[in-house]
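Notes for the one structure printed next.
Laboratory data are not the source of any read-out in this text; all were calculated from the coordinates shown. As the structure is a prediction and not an experimental result, all values here were calculated from the model. Neighbour counts are summed over all protein chains in view; Cβ atoms, including those assigned to glycine, are modelled from backbone coordinates with ideal geometry.
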Amino acid sequence: MIEELKADAKERMAKSVEAMGQAFNKIRTGRAHPSLLDNIMVSYYGSDTPLSQVANIGVGDSRTLTVTPWEKNIVPAIEKAILKSDLGLNPSTAGSVIRIPMPALTEETRKGYSRQARAEAENGRVAVRNIRRDVLSDVKELLKAKEITEDDERRAQDEIQKITDSFIAKIDTALAEKEADLMEI
C-alpha cells in the first residue's frame, strides 16, 4: 500500500519536473533552439496547427532558426504566427525559407528571463510539495483506518520526504543551468 503511494508520488513529481522543463524551453536564451517555436500555432486550412506539423524547423547557425514550410502557400501564415507570438522575433523570407534571427539579449532582458525562470522553478517546487502533502494525507488516512502502524507511517513520511527532497534538488539544478545559460553572453 505504502509502496504504491510512493510510486505514485514519484511519477507525479517527475511529471511536475518535466512540465517545468518544458516551461524552461519556452524561455528564450541568446542561442537559437527549435523548441522556442514549439508553442506557435499556424492557421492551416482553417484550423490552428502546431508549426512543427506544417514546416521543418532547423538551426541555421547559433543565432538563426530556419523554417522550411512543406507548402509554399503557407509562408505568410507562418510569418504572421511568428510575429504574433510573444517571443519578439522578426522573421524574414527568402523564397520559401523563413529565417528567424535571434536578437542578442540585453542585460535587462536576461534578468527578466531569469526572474521568469525562477518563478517557473518555484511553481515546480510548489507542485512537488503539494504532491507530498497529498501523499502524506493518504498515509494518515491509512493509519486512521488501522491499515498501517505508527512506525510504518513514520517510515513512510521519512521516505516521502527524501523523494520530495530529491525532486526539489532536480528543480534547483535545472534552474541553475537555465540561469547560467541565460547569463552567458
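Some notes on this structure:
- A simple spin-label model places the labels of Ser62 and Ser35 1.9 nm from each other, with each point 7 Å out along Cα-to-Cβ.
- Amide H contacts under 5 Å for Met102, placed H, 5+ residues apart: Thr64, Leu65
- Partners of Lys10 within straight-line reach, counting lysines whose Cα lies under 20 Å from its Cα and excluding those fewer than 8 residues away in the same chain: Lys140, Lys162, Lys170.
- In segment 105-182, GluC sites (Glu not before Pro) in a DSSP loop with at most 13 other beta-carbon atoms within 10 Å: Glu147
- Across segment 34-101, Cα pairs under 8 Å and at least six residues apart give a relative contact order of 28 percent.
- Charge dipole magnitude, Cβ of K and R +1, D and E -1 - segment 34-101, Cα centre, debye nearest 20: 160 debye
- Contour excess over end-to-end distance, with Cα ends at Ala180 and Val97 and 0.36 nm allotted per residue: 26.7 nm
- Under Karplus coefficients 6.51, -1.76 and 1.60, residue-wise ³J(HN,Hα) of segment 154-160 in Hz, glycine/proline x: 4, 4, 4, 4, 5, 5, 5
- Sparse packing (at most 15 other Cβ atoms within 10 Å of the Cβ) combined with a DSSP loop state is found for the following chymotrypsin sites (Phe, Trp or Tyr not before Pro) in segment 31-94: Tyr45, Trp70.
- The ranking of Phe167, Phe24 by Cβ neighbour count inside 10 Å, starting from the fewest, reads Phe24, Phe167.
- Per the Kirkwood formula applied to alpha carbons, segment 1-54 shows a radius of gyration over Rh ratio, Rg over Rh, of 1.23.
- At full extension, Asp134 and Ser166 could sit 9.8 nm farther apart than now, given 0.36 nm per residue minus the alpha carbon distance.
- Choice from Ala81, Ala169, Ala145 showing the highest fluctuation, given a GNM over the chain with Cα pairs closer than 10 Å: Ala145
- Think of the chain as having a plus end and a minus end, set by charges on the Cβ of Lys, Arg, Asp and Glu; of Ile57, Leu182, Gly95, Gly95 sits farthest toward the positive end of this dipole.
- Ordered by the count of other Cβ atoms within 10 Å of each Cβ, fewest first, Asp151, Asp181 give Asp151, Asp181.
- DSSP-assigned coil residues among GluC sites (Glu not before Pro) in segment 1-80, each with at most 14 further Cβ atoms within 10 Å: Glu71
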